[in-house]
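Written out below as structure tokens is the structure these notes cover.
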Amino acid sequence: MSLLDVSELEAGYETGQVLFGVDLSVDENEVVSLLGRNGAGKTTTMHALVGADVPRVFGGSMTFNGEDLRAHRNYQISDLGLSLVPEGRRCFRDLTVKENLRLAADHAGDPLPVEEVLDQFPELDDMRDRPSKNMSGGEQQMLAIARSLVTNPKLMLLDEPCEGLAPYIVRRIESIIQEINEKQDVSVLLVEQNVAVAVAVAERHYILDEGEIVEEVSTAQLREDDELRQEYLGV
Amino acid sequence: MNAIPIPGTQRSITPAGGIVWGVLVLLTVMSAIVRPGLFVDQVIGGLVYGLVLVLIALGLSIVLGLLGIVNFAHGALFMLGAYFTFQLMEVWGVSFWVALIVAPLGVGLVGVAIERGVLRHLYDKNPLNGLLATFGIALMLGEATRAIWGGTPRSVVAPQILSMSFDLGVTTVSRIRLFTVAVAVVVIAAVYLLIERTDFGLSVRAGVLDREMAEFLGVNMNVRFISMFVLGAAIAGLGGVLRGAAVGMDVGMANQFIILAFVVVVVGGIGSLFGSVVAGLLIGGASYLTPLYLSTLAEVTTLEFINIPGIGGLVPYLVMIVVLLARPRGLFGQEGFLE
């Protein structure tokens, strides 16, 4: 059994159904990407997993580490070892770097020490007491990842972590993802529009189109199959 | 590390601002010299009034920031604090000191009923729903109060130790007013410490900024919603106890104070507790000192028309207009909260 098993997931909003039977799985210590165009349902899938206010889940099953995710409230998900780094980072803007991390540590069942996590992010070191709103996008992204890491997750859901970041920061985020996967045994499910990032860090890739998984490919296949990328990803 | 700009420090004082400050200082000195007794009276009166407003505005501000609900019933909770005191002291014969604790707890219980019964169904809905629902609750509590305790003003007999006065030389000040100041300052300091210095407060601040993200990190926000709502209700109730003991109570106090508390929240800046405290003191002080300044000015210049009767009641709204024209977010408000 995989760490995360999603089958026949159907979900949507008041305005209409978005996911029409999504099947995917993530194994322990695996980095998997979920690719697709804008509106394909990537973020909807992420939000369904963590029990966000929207979308509503209509059907299917989501099992994480043997637990039924649909039976848990959104504030219970992180205790199971599943943690979301959301699109747009969502750092608490008026809270300092340390407060953002302390909050995560306060409410996690088995948190990693804040200082230990900060050591992994030297960029954040001299901004500990700075409100997160005064930081650059790349720094905020690192804070969002650090905040998730403090909860000591088994699986980290990363929703477009490289969106709007300069290329050299994208490289840094890629190396952070590899580091937490290899050294801290955190599995990663990565949502990306940027295929290059997915190719750099993930071993396996799901391609989501119009609310369904249409392909599951290896990194080599994704790299070589120009037609596939053209058809579903527009690159 | 770059210095973080602190709001208000970048701007130097303009000539016009300098003139305004100069005139205010001059009026203060003149009033203090011409009528020292009245001046001290008004300063203390403004302080007491302002602090009672702060006690109401704190809960209002918390509920608005955290729950996104404009709680129109908050003034009724303040009023209930006063009437519960009347019930406890004058009907059941309990001492003031017991009422000081029990009445706010009772108001907190009413707060639980309101939150569980009505408001929790309205989170994340159109804010107008919350406004209408709480307006309805305010009307119901007002009429219930009239039915139970009657429409005529009521008062309680404050304990001996608080009904005496201090002699300040130029004037005397009743102890109940000083007691009000002391209790309000302690409560405000306690709320500040709770919000800024505890883990609970950190989770509440995070919830104000992004409720769902806080939940993703494992914070059970519902528990915080109800705790903060009840805390806000109990503090408003405490304000009612103090006001009721000092000047008595009537059914109209709910509406009178809720409007002023809204003014305080808006002037202070929505989402800023510190702003509410500053705005409450500003409005309390301005309401009491403006009439004195104008009458002093009228006396000195012999221009009698400057001494406008009843100007004190207008001052909060004038302050609000001026502040909002200069800073639409309020003195310490978040950019973009209501802009």
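Side notes on the structure shown:
- Annotation note: GluC sites (Glu not before Pro) in region A:1-65 located in DSSP loop regions with a Cβ neighbour count of at most 11 within 10 Å are A:Glu14.
- Proximity of backbone amide H atoms, modeled 1.01 Å from N, is registered between A:Gly88 and no other residue at under 5 Å, excluding neighbours fewer than 5 places apart on the same chain.
- Cα-based shape type of region A:164-209, given that a ≥ b ≥ c are square roots of the gyration tensor eigenvalues and the cut on a/c is 1.5: oblate
- Across A:Gly51, A:Gly59, A:Gly211, mean-square fluctuation computed from a Gaussian network of chain A (C-alpha pairs under 10 Å connected) peaks at A:Gly59.
- Whole-Hz ³J(HN,Hα) from phi, Karplus 6.51 cos²θ - 1.76 cosθ + 1.60, for region A:14-28, glycine and proline x: 4, 7, x, 6, 10, 9, 10, x, 8, 10, 7, 8, 10, 8, 4
- Shown in residue order for region B:194-203 are the 3J(HN,Hα) couplings computed by the Karplus curve 6.51 cos²θ - 1.76 cosθ + 1.60 at θ = phi - 60°: 4, 6, 8, 10, 10, 4, 4, x, 4, 5 Hz (x for Gly and Pro).
- Helical mean residue ellipticity (222 nm; -39500 (n - 2.57) per DSSP H run of 4+; nearest 500) of chain A: -9000 deg cm²/dmol
- Charged neighbours of A:Ile180, selected by a Cβ distance under 12 Å, balance to -2 (K, R count +1; D, E count -1).
- Rounded to 0.05, the FRET efficiency of the B:Ser155 and A:Asn65 pair, given R0 = 56 Å and the Cβ-Cβ distance, is 0.30.
- Long-range HN-HN contacts of A:Glu215 with modeled amide H, under 5 Å: A:Ile207
- MRE, 222 nm, helices only [DSSP H, n ≥ 4, -39500 (n - 2.57), over chain B, to nearest 500]: -24500 deg cm²/dmol
- Residue mean of other protein chain beta carbons inside 10 Å, A:165-171: 0
- For region B:30-178, the dipole from Cβ point charges (+1 on Lys and Arg, -1 on Asp and Glu) about the Cα centre works out to 60 debye, to the nearest 20.
- When you restrict to C-alpha pairs under 8 Å that are six or more residues apart and normalise by the size of region A:4-233, the relative contact order lands at 28 percent.
- Put a dot 7 Å past the Cα of A:Arg223, heading toward its Cβ, do the same for B:Ile308, and the two dots end up 7.8 nm apart.
- Folded to 0 to 90 degrees: helix A:167-184 orientation relative to chain A principal axis, Cα: 90 degrees
- Charge dipole (region A:4-233, unit charges on Cβ, about Cα centre) - positive-most of A:Gly21, A:Ile169, A:Ser7: A:Ile169
- Percentage relative contact order, chain B, counting C-alpha pairs under 8 Å, at least six apart: 31 percent
- Simple point charges give the picture: +1 on the Cβ of Lys and Arg, -1 on the Cβ of Asp and Glu, and for the protein assembly as shown a dipole about the Cα centre of about 3620 debye.
- In angstrom, the C-alpha Rg and Dmax of region A:178-235 are 12.1, 36.
- For chain B, the alpha carbon positions stretch 63, 62, 34 Å along the principal axes, listed from largest to smallest.
- The ranking of A:Met62, B:Met79 from fewest to most other beta carbons within 10 Å of each one's beta carbon is A:Met62, B:Met79.
- Using the Cβ-Cβ distance between A:Val214 and B:Asp124 with R0 set to 30 Å, the FRET efficiency from 1/(1 + (r/R0)^6) comes to roughly 0.30.
- Shielding by other protein chains, A:101-109, mean Cβ within 10 Å: 5
- Close Lys pairs in the protein assembly as shown (alpha-carbon distance under 30 Å; sequence gap of 8 or more, or different chains): 11.
- The gain in end-to-end length when the A:Glu115 to A:Ala196 segment is fully stretched comes to 26.0 nm, 0.36 nm per residue minus the alpha carbon separation.
Rule-based calculations on the coordinates, nothing more; no lab input. Model, not experiment: these values are computed from the prediction. Neighbour counts are summed over all protein chains in view; Cβ atoms, including those assigned to glycine, are modelled from backbone coordinates with ideal geometry.
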